[in-house]
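The values are calculated or read from the model by the stated rules, or taken from the named source; none is laboratory data. Computed from a predicted model, the values in this text were never measured in an experiment. A quick note on method: Cβ atoms are made from the backbone with ideal geometry, for glycine too, and the neighbour counts reach across all protein chains shown. Accessible surface areas use protein heavy atoms only, side chains included; no ligands, DNA or RNA. Shrake-Rupley method; radii C 1.70, N 1.55, O 1.52, S 1.80 Å.
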Amino acid sequence: MTKRMLKEELVRVSASRDPDEVTIKEICEGAGVSRVTFYKYYGSVHDLMEETAKSAMEKIFEEGEPDASEMENIVRYIMLNRSLYLLLIEKGYYEKFMAEYLKKRIRQSGIADEESEITKAQTQYAVSGLSGLMQYCLKTEPDITPKKLAALILRFHKSWDSDVSELKDL
């Protein structure tokens, strides 16, 4: 519970300014814990940010390739935790996680060599597109239902798989 409170306070304080400027003292005061308690779990604000990012990103892709219903639930979860996921996008954690996620899919499917330049380029293209789409949706709140957004993301995944497979032969 203490770790959750610290993570929530980091996100709350970072909503109004850069998390690199947030101090341990501010986080502790906002979460109602002592600095000693903070240091029991984390060595720095950066460590707290890293764990916050890792657990948040793992939460949305717990296991395997999501189906339409699971993707809709993921989209709803991200929208409900808008501040957290905007922070993760703005600090580059979302892109980093998505790149690893796509590399994992490449390894599992054998559709391409993850180290080839064309696969790296295609993966970067996909990561940028997904990050941009999520940032757009989180910042502007367009009139797109979670179900439609989930369908769009899944279509994007299928297209990416096909593109990477076709590019393998170039």
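Couple of notes before you dig in:
- Anchor Lys120: aspartates and glutamates whose Cα lies under 16 Å away (excluding residues fewer than 8 positions away in-chain): Glu95, Glu100, Asp161, Asp163, Glu166, Asp169
- Residue among Lys91, Lys120, Lys158 with the largest mean-square fluctuation in a Gaussian network model of the chain, springs linking Cα atoms under 10 Å: Lys158
- Matching label, Rg/Rh (Cα atoms, Kirkwood Rh) computed from the structure shown, candidates (i) 1.03; (ii) 0.96; (iii) 1.00: (i)
- Candidates Lys25, Lys54, Lys147: whichever shows maximal mean-square fluctuation once the chain is modelled as a Gaussian network with Cα springs under 10 Å: Lys25
- Point-to-point label distance, Lys96-Glu115, nm (Cα→Cβ direction, 7 Å offset): 2.3 nm
- In order along region 128-144, the Karplus-derived 3J(HN,Hα) couplings, from 6.51 cos²θ - 1.76 cosθ + 1.60 at θ = phi - 60°, round to 4, x, 5, 5, x, 4, 5, 4, 4, 5, 6, 7, 9, 6, x, 7, 10 Hz, and Gly and Pro are given as x.
- Range in the chain, longest, excluding exposed GluC sites (Glu not before Pro) [loop by DSSP; at most 12 other beta-carbon atoms within 10 Å]: 1-61
- Carbon + sulfur, % of accessible area of region 82-170 - ligands and nucleic acids excluded, 1.4 Å: 52 percent
- Note on Arg82 and Ser159: their simple-model spin labels are 2.6 nm apart, each label 7 Å out from Cα toward Cβ.
- Choice from Ser69, Ser83, Ser14 with maximal GNM fluctuation in the chain (Cα, 10 Å cutoff): Ser69
- Compared with the dominant principal axis of the Cα atoms in the chain, helix 45-60 is inclined by about 40°.
- All lysines inside 24 Å of Lys3 as judged from Cα atoms, apart from same-chain residues fewer than 8 positions distant: Lys25, Lys40, Lys54, Lys59, Lys91, Lys96
- Segment Glu58..Thr23, full-extension length gain: 10.0 nm, with 0.36 nm per residue of separation and the alpha-carbon distance subtracted.
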